[in-house]
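One structure below.
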């Protein structure tokens with residue numbers, strides 16, 4: 001059974017996806033970071049701050065292998081999301097990140 005694709009068109013759509021996806025991502029990053037010896041030496045407050053500050057970038061890098069360019073859309077098969085390229089500027093920080101990635105990959 002194929003899951004229905006979620007179209008990300010506005011900032012609210014991106015927020016909804018982000019908050020649905022966030023808890024699992026935080027658990028994954030935290031488990032990974034706890035295996036880094038120097039990370040364990042940081043205070044718990046500094047550990048939280050470090051994880052929070054890099055969350056969007058780490059998520060984008062982690063999912064980058066699942067994103068395909070399909071004509072005028074970016075498609076993430078893992079999360080079943082579709083983002084039309086012309087809507088990237090409307091979805092906030094997530095759209096800006098994808099726009100930057102698109103420019104960098106298309107210039108190569």
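The values are calculated or read from the model by the stated rules, or taken from the named source; none is laboratory data. Fair warning: this is a prediction, and the values are worked out from it, not measured in the lab. Neighbour counts run over all protein chains shown; Cβ positions are idealised from the backbone, glycine included.
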### Query
Going by the structure shown, is residue 77 touching a strand residue (DSSP E or B) at 6+ places or on another chain (Cβ under 9 Å), farther than 18 Å from residue 100 by Cα and without any contact (Cβ under 8 Å) to a residue 40 or more places away in the chain?
yes
### Query
Taking region 80-92, which residues are closer than 11 Å to residue 10 by Cα, outside any strand (DSSP E or B) and touching a residue at least 24 places away in the same chain (Cβ under 8 Å)?
87, 90, 91, 92
### Query
Within region 22-45, how many residues are loosely packed, with under 15 Cβ neighbours inside 10 Å and in a helix (DSSP H, G or I)?
13
### region 3-26 residues that are free of Cβ contacts under 8 Å to residues at least 60 places away in the same chain, paired with ones that are surrounded by 13 or more Cβ atoms within 10 Å (Cβ to Cβ) and assigned to a helix (DSSP H, G or I) (beta carbon under 8 Å, 6 or more apart)
21/59; 22/55; 25/55; 25/58; 25/59; 25/62; 26/51; 26/55
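Is it true that residue 89 is farther than 17 Å from residue 6 by Cβ and surrounded by 10 or more Cβ atoms within 10 Å (Cβ to Cβ)?
Numbers: farther than 17 Å from residue 6 by Cβ: yes; surrounded by 10 or more Cβ atoms within 10 Å (Cβ to Cβ): yes.
It is true that residue 89 is farther than 17 Å from residue 6 by Cβ and surrounded by 10 or more Cβ atoms within 10 Å (Cβ to Cβ).
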### Residue within region 46-65 that is at pLDDT 75 or above, surrounded by 12 or more Cβ atoms within 10 Å (Cβ to Cβ) and in contact with a strand residue (DSSP E or B) (Cβ under 7 Å, 6 or more places away or on another chain) present
yes
### Message
Test of understanding: among 104, 99, which residue is out of contact with any strand residue (DSSP E or B) (no Cβ under 6 Å at 6 or more places or on another chain), modelled with pLDDT under 80 and surrounded by fewer than 15 Cβ atoms within 10 Å (Cβ to Cβ)?
### Response
104
